[in-house]
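Scroll down for the structure; my scribbles are underneath it.
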Amino acid sequence: MIRDSAADTIVAVATAPGRGALAIVRMSGPRALEIGARLIRPWPSAARHAVHGHVHDADGAPVDEGVSVFYRAPASFTGEDAVEVTCHGGPIASASIAAVFASAGARPAEPGEFTRRAVLNGKLDLLQAEAVGDLVDATTRPAHRVALAQLDGGLSRRISALRERILALEALSAYDIDFPEEDDGPIPTARILAAADETIGELDRLLATAPVGELVRDGAVVVIAGAPNVGKSSLFNAMLGRRRAIVTEIAGTTRDALEAVTEASGWPIRLIDTAGLREVTEIVEQLGIEVSREYLERADVVLLCGDSDGSMTDARRAIAAIARAPTVEVRTKSDLLPASERTLREGRPLSVSAESGEGLAELRDAIARALESSRGELTLDAPLITRERHRFALDHARQELREFHNAWEKRSVPAVVAAVHLREATRELEELIGAVDVEDVLDRVFGAFCVGK
């Protein structure tokens with residue numbers, strides 16, 4: 001659990017460890033400016049003014065040179081007084097600066113603590129904070145684009161609009177409950193039910209983005225499968241544009257599944273190279289084939305590979321009882337085929353050559369079409385639901401609205417009891433954006449962050 005004391009001043013290296021030209025050290029909290037002014041010379045004359053100088057230890061010995069900037073609350077990422085020092089890269093300089101700041105009164109930050117403070121101080125909502133983590137973790141352009149839009153508040157605005165709709169519906173029901181004898185008469189039941197239906201429809205449309213959103217964030221699992229020695233690993237390398245898998249003429253070379261992230265016509269995919277499917281007695285290869293079966297069971301798309309009609313038939317038979325995902329049939333080693341047999345025809349496997357690159361673009365398009373057929377169109381311009389936490393909250397809000405609709409329509413319970421469902425639906429959305437105090441949710445969200453974020 002992250003310690004949460006606004007009285008603490010925290011410090012961390014914000015850049016990744018390892019060799020590099022520059023590194024950044026961040027410090028935030030009530031004593032940040034005091035510590036910075038004592039150890040950085042010269043100290044910037046004003047907030048947000050960058051100054052080149054040196055960081056010194058408590059004895060006045062120089063630790064490193066760099067560029068320093070300070071921020072006054074609330075005009076900082078965390079909403080607190082903050083200091084940032086850009087120093088030389090490498091493992092020593094940044095760690096040494098963080099250490100002298102800690103010796104002067106700051107404590108080492110825990111994972112996600114800077115972003116957590118930004119949420120608690122109203123600089124970000126919880127959805128935007130999650131987007132910070134997703135941006136850091138993004139390995140594809142679609143994932144980066146969706147995270148950036150979420151950080152900009154696109155999903156937050158959509159959730160806030162839904163919350164306002166439910167509050168308006170709650171106000172209508174409250175009027176009907178509290179002022180039933182007013183001259184204007186009670187609110188027509190049809191009006192309240194129509195408003196509930198419209199809000200449920202909006203929730204349905206947002207929930208419908210979850211299958212695509214989760215694939216964008218995590219990557220679609222695309223499994224290359226087939227008999228041994230039909231060119232699966234060569235295809236894997238060709239799709240990545242680099243040698244990642246070992247390729248030999250010996251059947252059974254691939255003993256374990258290899259995984260890499262790439263894109264297929266805009267879709268982020270996790271491409272999996274698997275061991276060839278066949279009956280064997282050798283224990284290590286058996287284990288590899290078992291891993292292949294596990295990947296096939298959870299694949300989003302299967303690339304069924306063969307280098308002849310016979311191997312294609314064997315591959316179809318091998319995966320028939322395992323894979324349930326859409327299948328793209330791939331005739332590998334097409335550079336060895338006559339030109340007449342490499343022509344793309346409906347109903348025939350897609351001819352691809354890892355050697356020449358022929359057919360790779362068409363294969364990526366085929367993967368994208370298979371994903372669209374099973375998951376829906378890839379649309380990155382509108383907010384997407386990318387996490388199970390989002391889906392869970394929205395689905396529960398929808399259920400509460402449906403319960404309200406049924407109770408209000410049938411008058412099966414008193415109106416004041418039916419309205420409780422609206423309050424619960426609102427609470428689900430407020431918890432989603434972090435508008436209520438939800439310590440356990442904060443711990444789960446920020447526990448996966450890197451230190452310095």
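The values are calculated or read from the model by the stated rules, or taken from the named source; none is laboratory data. Just so it is clear, the model here is predicted, and its values are computed rather than measured. Here the Cβ is made from the backbone with ideal geometry for all residues, glycine too, and neighbour counts use every protein chain on show. Each accessible area value is taken on the protein alone, full model and side chains, heavy atoms only, with ligands, DNA and RNA left out. Shrake-Rupley method; radii C 1.70, N 1.55, O 1.52, S 1.80 Å.
Yes/no per residue for (1) of a type in the set (D, E, K, R); (2) closer than 30 Å to residue 128 by Cβ; (3) without any contact (Cβ under 8 Å) to a residue 12 or more places away in the chain; (4) in contact with a strand residue (DSSP E or B) (Cβ under 8 Å, 6 or more places away or on another chain):
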{"position": "42", "(1), (2), (3), (4)": "no, no, yes, yes"}
{"position": "48", "(1), (2), (3), (4)": "yes, yes, no, yes"}
{"position": "58", "(1), (2), (3), (4)": "no, no, no, no"}
{"position": "71", "(1), (2), (3), (4)": "no, yes, no, yes"}
{"position": "89", "(1), (2), (3), (4)": "no, yes, no, yes"}
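I need the full set of residues from segment 17-66 which are part of a strand (DSSP E or B), open to solvent by 60 Å² or more (accessible area, probe 1.4 Å) and among the hydrophobic types (A, V, I, L, M, F, W, C), in order please.
Passing the criteria: only 22.
Among the candidates 213, 226, which residue alone is in contact with a strand residue (DSSP E or B) (Cβ under 8 Å, 6 or more places away or on another chain), open to solvent by less than 50 Å² (accessible area, probe 1.4 Å) and at pLDDT 85 or above?
Of 213, 226, the one residue that is in contact with a strand residue (DSSP E or B) (Cβ under 8 Å, 6 or more places away or on another chain), open to solvent by less than 50 Å² (accessible area, probe 1.4 Å) and at pLDDT 85 or above is 226.
Only one of (1) surrounded by fewer than 17 Cβ atoms within 10 Å (Cβ to Cβ); (2) outside any helix (DSSP H, G or I) is not met by residue 406, so which one is it?
Looking at each condition in turn, residue 406 falls short on (2).
Looking at segment 351-374, is at least one residue farther than 26 Å from residue 324 by Cβ, part of a helix (DSSP H, G or I), without any contact (Cβ under 8 Å) to a residue 40 or more places away in the chain and within 22 Å of the chain's Cα centre (by Cα)?
No, segment 351-374 contains no residue that is farther than 26 Å from residue 324 by Cβ, part of a helix (DSSP H, G or I), without any contact (Cβ under 8 Å) to a residue 40 or more places away in the chain and within 22 Å of the chain's Cα centre (by Cα).
May I ask you to list the residues in segment 67-80 that are assigned to a loop (DSSP other than H, G, I, E, B), open to solvent by 40 Å² or more (accessible area, probe 1.4 Å) and not hydrophobic (A, V, I, L, M, F, W, C)?
72, 74
Just to be sure I understand the filter: pairs with C-beta atoms under 6 Å, separated by 6 or more residues or on different chains, first member in segment 302-318 and at negative phi and assigned to a helix (DSSP H, G or I), second member open to solvent by less than 50 Å² (accessible area, probe 1.4 Å) and modelled with pLDDT of 85 or more. Which pairs pass?
Going by the 6 Å Cβ cut-off, the qualifying pairs are 311/230; 312/306; 315/226; 315/304; 315/306.
If the Cβ limit is 7 Å and pairs must be 6+ apart or interchain, which residue in segment 406-433 that is farther than 30 Å from residue 387 by Cβ pairs with which residue that is β-branched (Val, Ile, Thr) and not in a helix (DSSP H, G or I)?
407/413
Would you be able to tell me the number of residues in segment 152-173 that are farther than 24 Å from residue 418 by Cβ and among the charged types (D, E, K, R)?
3
So that you can scan it fast, the table gives a plain yes or no per residue for (1) of a type outside the set (A, V, I, L, M); (2) under 30 Å from residue 7 (Cα atoms):
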| position | (1), (2) |
| --- | --- |
| 108 | yes, yes |
| 117 | yes, yes |
| 121 | yes, yes |
| 131 | no, yes |
| 135 | no, yes |
| 152 | yes, yes |
| 157 | yes, no |
| 166 | no, no |
